[in-house]
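Asker: The structure is given below, and queries will be raised subsequently.
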Amino acid sequence: MSNLQNGFLLDDETELKTLLFEGEQDHLTPSTSRLLLESDFFVVAGRIIGHSFLNGGPCLVGLSQGIIHVLFGGEPETATVTESDCADQDVREVIRMLQGTKDLSEEEKSVVLSLTLPWDLPGVTVNNRHWLQEKILLHAVLERTAQQVKQIRRGLKDTGVWEFFSSRPDAVPVLFPRASEAEITPQMVIDNINWPKDEDIDEDILSLDDHCLIMSFLRRFIENGTSDILKSLLTFWTGWGVVCSNLEVEVIDCSLPQSSTCFLTLKLSKNHKNYEDFHQDLMASISSAYSGFGQI
């Protein structure tokens, strides 16, 4: 899901990530890459989204509302599409050009025509200017991604979740949340930690005062963490960046923080005496989650 959200590394030589979804946050649309489409990547994307949801994992955050509308059976003509949904900056420039009221120069008309002609749309005239602007936007956002959306739908159907959400439009934001709805707050994490009780602490290994000191460092780290840092912490802690109930934490004799993701257990070093060292080591550990645990 992280790769789906942030891009896949398909070319080791260039080390450039390939985005399946492009654009602004909360206005993401499927890539128009023919290679991705012909490789059925978006079918795979639909399956990933469906299986992650069924297993309580992270969701794809920030998908365009127009894309979501069509994905679950809505007509393109009734979709709400804005300029922010258009990931192509060149198309945006043409749309802005048509939004104005000043007469277009012959050069500007030529720029518009070079875009509309391949899409079987006419050139701009005085009478069709605003109509053409809407048609270009609709084509750029929904018509160019129609096959990609069909593939995502196929993938969701393979997992059995499409039928439910297509019949329950009120529940669709659970599957495709907005960015603000997917943010993780410090209190969400703190409320789901099973903090060790005094009687559970083995004072032959660590004194109660030192144990409480490490727990205070963890609480401070969480309280000061951004949503992105907390997602990285949870990914290191549990295997994915969503809040789980019954998060466990232990203090052990180790050089760097460790985790047992299957048991939702974060293992902190007993050797930290100040917060600065604790913060540095925990940041080093959670940054290794995407490359392999412990590969620092």
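The values are calculated or read from the model by the stated rules, or taken from the named source; none is laboratory data. Since the structure is predicted, the reported quantities are computational estimates derived from the model, not experimental observations. Please note: Cβ atoms are built from the backbone with ideal geometry, for glycine as well, and neighbour counts cover all protein chains shown.
Asker: Select from the stretch 63-74 the residues that are at pLDDT 95 or above and either in contact with a strand residue (DSSP E or B) (Cβ under 6 Å, 6 or more places away or on another chain) or not β-branched (Val, Ile, Thr) (or both) and write down the one among them that is nearest to residue 239 (Cα to Cα).
Answerer: Taking the candidates together, the pick is 63.
Asker: For the stretch 163-181, which residues satisfy the criterion of being assigned to a helix (DSSP H, G or I) and either buried (at least 19 other Cβ atoms within 10 Å of the Cβ) or not aliphatic (A, V, I, L, M) (or both)?
Answerer: The answer is 163, 164, 165, 166, 167, 169, 170, 173, 175, 180, 181.
Asker: Output the qualifying pairs, or none if there are none: Cβ atoms under 7 angstrom, residues six or more apart or on different chains, first residue in the stretch 57-78 and in contact (Cβ under 8 Å) with a residue 12 or more places away in the chain and within 11 Å of residue 173 (Cα to Cα), second residue surrounded by fewer than 16 Cβ atoms within 10 Å (Cβ to Cβ) and of a type in the set (S, T, N, Q).
Answerer: If the second residue must be surrounded by fewer than 16 Cβ atoms within 10 Å (Cβ to Cβ) and of a type in the set (S, T, N, Q), the pairs left are 62/25; 65/80.
Asker: Report, by residue number, each residue of the stretch 51-79 that is within 17 Å of residue 31 (Cβ to Cβ) and part of a helix (DSSP H, G or I). Working first, answer last.
Answerer: Taking the stretch 51-79 as the starting set, the residues that turn out to be within 17 Å of residue 31 (Cβ to Cβ) are 60-64, 66-68, 70-71.
Those that are within 17 Å of residue 31 (Cβ to Cβ) and part of a helix (DSSP H, G or I): 66, 67, 68, 70, 71.
Asker: Shifting gears a bit: Going through 37, 16 one at a time, which residue ends up being within 20 Å of residue 88 (Cβ to Cβ), exposed (fewer than 13 other Cβ atoms within 10 Å of the Cβ) and over 16 Å from the mean Cα position of the chain (by Cα)?
Answerer: 16
Asker: Still on this structure, I have one more. If the Cβ limit is 7 Å and pairs must be 6+ apart or interchain, which residue in the stretch 5-30 that is farther than 17 Å from residue 49 by Cβ pairs with which residue that is modelled with pLDDT under 85 and charged (D, E, K, R)?
Answerer: Here the result reads 9/15, each pair linking the stretch 5-30 to a residue that is modelled with pLDDT under 85 and charged (D, E, K, R).
Asker: Looking only at residues that are touching a Leu at 6+ places or on another chain (Cβ under 9 Å) and part of a helix (DSSP H, G or I) in the stretch 151-162, which one is nearest to residue 54 (Cα to Cα)? Before the answer, list the steps.
Answerer: Quick first cut of the stretch 151-162, residues touching a Leu at 6+ places or on another chain (Cβ under 9 Å) only: 151-153, 156, 159-162.
If we keep only those that are part of a helix (DSSP H, G or I) too, we end up with 151-153, 156, 159, 162.
On the way: 151: 19, 152: 16, 153: 16, 156: 11, 159: 8, 162: 12 Å.
Per the criteria, the residue is 159.
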